[in-house]
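Asks: Submitted below is the structure of interest, expressed as structure tokens.
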Amino acid sequence: SPALVIAVDGPAASGKGTIAARLATTYGLPFLDTGLLYRAVGLEVLATGGDLADEAAADRAARALDADRLSQDARLTTGEAGEAASRVAGYPGVRAALLDLQQAFARQPGGAVLDGRDIGTVIAPDAMAKLFVTATPETRARRRWRQLRDRGDDISFEAMLADILKRDERDAGRGSAPMIQASDAVLLDTTDMDIEQAFDAARRIVEAAR
Ligand code: C5P
């Protein structure tokens with residue numbers, strides 16, 4: 001049977017990461033959260049005393065990235081890392097340096113699940129199933145705010161919403177692989193769904209595409 005490649009794209013806090021991870025478990029497929037790659041590059045630039053505006057430093061960090069050492073670094077999931085990621089993600093050299101490893105991951109024999117911003121458009125345009133997961137900015141900000149609050153972080157909802165809107169604008173507005181729904185992706189709006197409902201809807205979309 002042909003490889004089941006599932007592309008899951010969408011903005012921050014849309015639910016795409018949780019949905020993608022659960023699809024991978026359900027179908028027994030390897031899973032790559034591609035945001036971690038950009039987060040690692042952003043943190044590396046910061047760690048080497050660099051300036052996120054320094055495109056050459058970001059390009060070097062992307063070329064030197066050791067993807068096998070990514071997984072369990074807790075700093076990768078911080079807001080600071082997300083912000084740094086979205087800065088370096090605008091550099092074409094960074095995107096080019098991360099392309100091969102993402103495409104190799106997508107080419108595994110049984111298939112794979114990848115989540116990000118440009119999986120259905122650039123990384124795996126031939127994916128068997130493509131989802132574009134979204135929700136209103138207010139809903140996404142509320143979800144992220146609750147997560148952070150439960151973790152003990154002290155951030156206001158208004159600041160969270162401003163962060164989300166800024167990130168959306170940067171990701172959708174950049175010239176290089178902007179976040180955009182692929183023409184053959186199915187839109188999944190999770191605004192009025194809990195995670196179980198969103199996952200069920202995602203699974204139905206994948207089943208219809210197989
Ligand atoms: O999904 P996550 O929040 O971890 O992504 C962090 C940032 O990395 C995004 O805001 C985006 O700028 C960038 N990114 C990207 N392309 C991807 C995945 C993430 O540009 N495929």
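The values are calculated or read from the model by the stated rules, or taken from the named source; none is laboratory data. Just so it is clear, the structure is predicted and the values come from calculations on it, not from any experiment. Quick reminder, even Gly has a Cβ in these numbers, built from the backbone with ideal geometry, and neighbours come from all protein chains shown.
Asks: If I filter region 26-48 for residues that are modelled with pLDDT of 95 or more, on the phi > 0 side of the Ramachandran plot and either in a loop (DSSP other than H, G, I, E, B) or within 12 Å of the ligand (Cβ to nearest atom) (or both), do I get at least one hit?
Replies: yes
Asks: Quick one: what pairs do we get from region 76-98, first residue within 13 Å of residue 34 (Cβ to Cβ), second among the hydroxyl-bearing types (Ser, Thr, Tyr) and more than 8 Å from the ligand (Cβ to nearest atom), C-beta under 7 Å, 6+ apart or different chains?
Replies: These pairs meet every condition: 95/176.
Asks: Can you name the residue in region 183-197 that is under 17 Å from the mean Cα position of the chain (by Cα) and either within 15 Å of the ligand (Cβ to nearest atom) or part of a loop (DSSP other than H, G, I, E, B) (or both) and, of all such residues, is surrounded by the fewest Cβ atoms within 10 Å (Cβ to Cβ)?
Replies: Across region 183-197, the extreme among qualifying residues is 185.
Asks: Quick check: anything in region 166-182 within 23 Å of residue 46 (Cα to Cα), more than 15 Å from the ligand (Cβ to nearest atom), charged (D, E, K, R) and outside any helix (DSSP H, G or I)?
Replies: no
Asks: Considering 17, 10, 28, 49, which residue is small (Gly, Ala, Ser), surrounded by fewer than 23 Cβ atoms within 10 Å (Cβ to Cβ) and within 23 Å of residue 193 (Cβ to Cβ)?
Replies: Being small (Gly, Ala, Ser), surrounded by fewer than 23 Cβ atoms within 10 Å (Cβ to Cβ) and within 23 Å of residue 193 (Cβ to Cβ) holds for just one of 17, 10, 28, 49, which is 17.
Asks: Looking at region 67-83, can you tell me whether even one residue there is closer than 30 Å to residue 189 by Cα, within 11 Å of the ligand (Cβ to nearest atom), assigned to a helix (DSSP H, G or I) and of a type in the set (A, V, I, L, M, F, W, C)?
Replies: Yes, region 67-83 contains at least one residue that is closer than 30 Å to residue 189 by Cα, within 11 Å of the ligand (Cβ to nearest atom), assigned to a helix (DSSP H, G or I) and of a type in the set (A, V, I, L, M, F, W, C).
Asks: Which one of these does residue 148 not meet: (1) in contact (Cβ under 8 Å) with a residue 60 or more places away in the chain; (2) under 25 Å from residue 6 (Cα atoms)?
Replies: Every listed condition holds for residue 148 apart from (2).
Asks: Among (1) under 18 Å from the mean Cα position of the chain (by Cα); (2) more than 30 Å from residue 55 (Cβ to Cβ), where does residue 137 come up short?
Replies: Of (1) under 18 Å from the mean Cα position of the chain (by Cα); (2) more than 30 Å from residue 55 (Cβ to Cβ), only one is false for residue 137: (2).
Asks: Within region 1-25, restricting attention to residues that are under 13 Å from the mean Cα position of the chain (by Cα) and part of a loop (DSSP other than H, G, I, E, B), which residue is farthest from the ligand (Cβ to nearest atom)?
Replies: Here the answer is 15.
Asks: Next question. Restricting to region 153-165, name every residue that is away from the ligand (no atom under 11 Å from the Cβ) and touching a helix residue (DSSP H, G or I) at 6+ places or on another chain (Cβ under 6 Å).
Replies: The answer is 155, 157, 160, 161, 165.
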